[in-house]
């Protein structure tokens, strides 16, 4: 735990899965990108390479499972994965389903928006949440 | 190989390491972010989850080694990792050393620049290239 770290102080989104190592949250404050999940490491570590090999593999196995659920249920044009942490240096992976015609496509979601648009998803987000939890064997 | 894919047609940067599975290039066309490397999968696959478990682990083990070299030699404020591929859907990982005061910090490099600045690196990039090649046991 690190004093003043927002990801030590709070879950950081709607928790859809929680393990001893990490939690997976659905991001609620990016309405243009509704199928936006984050895997947040529970311990306060800054960099991916701070993890042990076992933890790194567990982390990316879970990121991969989230990606697979998004692909399977929502058939996005592309999945975007990123661990940045410049503002909040507490390890977290963004996993975002991207759709041609979404507000930023094909630019990254951090670039300027190109249009106003919210993708229509093939399945309700609650079904995606449940499938992620199931995929992580919870 | 996929016709018309720029990462099937060319290396995509200055090659610093090449294996059967992937190559690592230094990105030459982002002068504001000089310590910017990409791991490019040799086969044309779009998504990280298209890889076998063995290949995924090899991929992220290598990304981790690149991150470790950047941290060890350049002491960046943060390392940014991303696999996006919206424009070029051929699996590649961005590995970028970020520095407080760089042109975009703390925003992602894909956001609007906040200032004009080029980080002064603690070591020449050629030394970083060589250390990455060595870390990948080449």
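The set of residues in the stretch A:1-23 that are assigned to a loop (DSSP other than H, G, I, E, B) and crowded, with 16+ Cβ neighbours inside 10 Å comprises A:12, A:13. Under the condition of being closer than 11 Å to residue B:46 by Cα and in contact with a helix residue (DSSP H, G or I) (Cβ under 8 Å, 6 or more places away or on another chain), the residues counted in the stretch B:78-105 number 5. Could you tell me whether residue B:34 is more than 10 Å from chain A (Cβ to nearest Cβ), part of a loop (DSSP other than H, G, I, E, B), on the phi < 0 side of the Ramachandran plot and surrounded by 16 or more Cβ atoms within 10 Å (Cβ to Cβ)? The answer is yes for residue B:34.
Taking first residues from the stretch A:3-32 that are within 19 Å of residue A:127 (Cβ to Cβ) and partners that are at pLDDT below 95, the Cβ contacts under 7 Å between residues at least 6 apart in sequence or on separate chains come to A:17/A:138.
Hey, any hits in the stretch B:81-93 for a residue that's more than 8 Å from chain A (Cβ to nearest Cβ), without any contact (Cβ under 8 Å) to a residue 24 or more places away in the chain and within 21 Å of residue B:7 (Cβ to Cβ)? Looking for residues that are more than 8 Å from chain A (Cβ to nearest Cβ), without any contact (Cβ under 8 Å) to a residue 24 or more places away in the chain and within 21 Å of residue B:7 (Cβ to Cβ), one finds none in the stretch B:81-93, hence no.
To keep it simple, each residue is scored yes or no on (1) in a loop (DSSP other than H, G, I, E, B); (2) away from chain B (no Cβ under 11 Å).
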| site | (1), (2) |
| --- | --- |
| A:25 | no, yes |
| A:43 | yes, yes |
| A:79 | no, no |
| A:105 | yes, no |
| A:110 | yes, no |
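Restricting attention to the stretch B:115-127, does a residue exist that is in contact (Cβ under 8 Å) with a residue 40 or more places away in the chain, within 13 Å of chain A (Cβ to nearest Cβ), farther than 22 Å from residue B:42 by Cα and under 14 Å from the mean Cα position of the chain (by Cα)? No: the stretch B:115-127 contains no residue that is in contact (Cβ under 8 Å) with a residue 40 or more places away in the chain, within 13 Å of chain A (Cβ to nearest Cβ), farther than 22 Å from residue B:42 by Cα and under 14 Å from the mean Cα position of the chain (by Cα).
One residue stands out among those in the stretch B:45-68 that are more than 26 Å from residue A:75 (Cβ to Cβ) and more than 10 Å from chain A (Cβ to nearest Cβ): the one that is surrounded by the fewest Cβ atoms within 10 Å (Cβ to Cβ), which is B:54.
The values are calculated or read from the model by the stated rules, or taken from the named source; none is laboratory data. Remember, it's a predicted structure, so these values are computed and weren't measured experimentally. So basically every Cβ, Gly included, is an ideal-geometry build from the backbone, and we count neighbours across all protein chains shown.
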